[in-house]
Structures are given as structure tokens and as C-alpha cells.
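S.K.: Provided herewith is a single structure, encoded as C-alpha cells, for subsequent inquiry.
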Amino acid sequence: MTSLISKDRFRSPLARARNWGSARSGTHHWWIMRTSALALIPLSIWLVASVLGLVHGAQIDVVEWLQQPVNAILMVLFLAFGFYHGANGLQVVLEDYVHGEFTRTVLLLIIKAAALLFAVSSIYAVFFMSFLGGLS
Amino acid sequence: MLGPYYRFQMSSLLSILHRATGIALTAGMLVLAWWLVAAATGPEAYECFQDFAGSIVGQVMLVGWAWSLCYHLLAGIRHMVWDLGHGYDLPTFHKTGWVTIIGSIVLTAIIWVAA
């Protein structure tokens, strides 16, 4: 982020050092929304197609399905990108509607913490089912 | 009340729908996490999830989530085409707008029939 060959090259060195600019890291945020969105296009299509195949099944079908490495890996990728894109999207909404800096910062930390917690929990569940076959 | 003072326009309507569906999808991620944790926990936990998913509320939420996904996906692609610099002229803007609305409904219907 301090390299001159990055999106930072349009900022003056002082602005970069002090993280100035009203959005501080706006360009970075814009870019990660686009890259995660691109990843989510094929991953979402895959998820819908997969869930359609599992919706009428039982718990054991889900476990067996996730024991195939491709499914486990793609599911983990969907969860990671999904929570990432969602949390950053909610950040934008927050910045639009909440004006107090303290409140906004606290809410943002809560959103990011919740996203991380749910992402880690669901990814853990996927690995648990993939390697250990779930509890039962 | 809105009558003479405000008219829904495709630009603002589609924009706020993009935001609303984004929020709905993020909430849906929590349900996805619930589904996976339930599947990892065992048959009883999974049955609890299935009871919810099979209920009227659950079904409405699932259709809503499916439509939100289709809409947000199409609108998001439309956004990224703008990022590339294309499609700003009004005729194209309206055409792609209609594709987004109608496409999302058609895709949701396809998903629902397939389920």
C-alpha cells in the first residue's frame, strides 16, 4: 500500500502517511468490492445449483456431498468471499446512514466481528463434515 | 401522498433495490452458516433447520433470498459494466434496467421450479 506503483500513486506522500482523504481508503474499498463480486459470480451460480440438489435430502447427504474436496473447497470460497463482500457492503450502508464517528466505528467493528465469527464457524463446520463426517 | 411530488424512476429504484438485496443477502449468509453448522452438528439439529426451512416463513424467506441473489447479481454486473465505461446513455440504461428486473424474476422462477 505504500508502493508508488499502486492505487496510492495519485496521493501525495503526506496524505498517504496520514491516511487523509475523506474516504481514507476509498480506492482500496472500491477495488475489493469489485474483485470479491467477480469471484462471487461463478461461486453464487455454483451454490444455487448445489443447494438445489441438496434441498430435498437429509443431513447425511450434505455431509457426503461435502466430503468431496471440490465441494468443500468451493463452499469455503463462497463463504469467505460472501462474508467479505457482505461485510464491506454493509460498511458502505453504515457510512451513509450513521453520522456519529464513534457510533459508526463501533457498529463497523461489530459488523466485521460478526462476519468473521460466522465465516469461521461455517468454514469450520464445512471442514468438520469434510474430514470427520459430522457428529451423529 | 407521493403523487405530484415524487415519481419512481428506474435509476433510484434499481439503486435502492441493489442496496436492499445486498443487505438481505448478507442476512441470508447467516442462515447459510446456520444450515452448515446444523448439518455438522447432527440429525436433530438438522431437522430443526429443515422445520424452519419448510415452514411458510422459511419458504417466503428462501424465495426472497433467491430473488435477492438474482437481482443483486444482474444489477451488480450492470454496475461493473458501467465501471468499464459502457452503457451510460439513456436508451441502454433503460434497456439494461429492464433486463435486470425481468431477468431476476425469470431466474427466480426457474430456481423455484427446479427446487
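The values are calculated or read from the model by the stated rules, or taken from the named source; none is laboratory data. The structure presented is a predicted model; accordingly, all values stated were derived computationally and were not measured. A quick note on method: Cβ atoms are made from the backbone with ideal geometry, for glycine too, and the neighbour counts reach across all protein chains shown. Accessible surface is based on the protein model in full, side chains and every heavy atom, while ligands, DNA and RNA are left aside. Shrake-Rupley method; radii C 1.70, N 1.55, O 1.52, S 1.80 Å.
S.K.: Restricting to the stretch A:93-127, what's the tally of residues that are open to solvent by 100 Å² or more (accessible area, probe 1.4 Å) and outside any helix (DSSP H, G or I)?
M.R.: The number of residues fulfilling the criteria is 1.
S.K.: So which of B:V37, B:V63 is of a type in the set (V, I, T), touching a helix residue (DSSP H, G or I) at 6+ places or on another chain (Cβ under 9 Å) and touching a residue at least 12 places away in the same chain (Cβ under 8 Å)?
M.R.: It is B:V63.
S.K.: Of all residues in the stretch A:70-84, which are among the aromatic types (F, W, Y) and open to solvent by less than 30 Å² (accessible area, probe 1.4 Å)?
M.R.: Result: A:F78, A:F83.
S.K.: If you don't mind, there's one more thing I want to ask. Kindly list the number of the only condition in (1) among the hydrophobic types (A, V, I, L, M, F, W, C); (2) open to solvent by 50 Å² or more (accessible area, probe 1.4 Å); (3) under 23 Å from A:W31 (Cα atoms) that fails for A:A87.
M.R.: With (1) among the hydrophobic types (A, V, I, L, M, F, W, C); (2) open to solvent by 50 Å² or more (accessible area, probe 1.4 Å); (3) under 23 Å from A:W31 (Cα atoms) applied to A:A87, the lone miss is (2).
S.K.: Return the pairs, sorted by first residue and then second, in which the second residue is open to solvent by less than 20 Å² (accessible area, probe 1.4 Å) and assigned to a helix (DSSP H, G or I), the first residue lies in the stretch A:44-63 and is at pLDDT 95 or above, the beta carbons are less than 6 Å apart, and the residues are 6+ apart or on different chains.
M.R.: A:L47/A:F78
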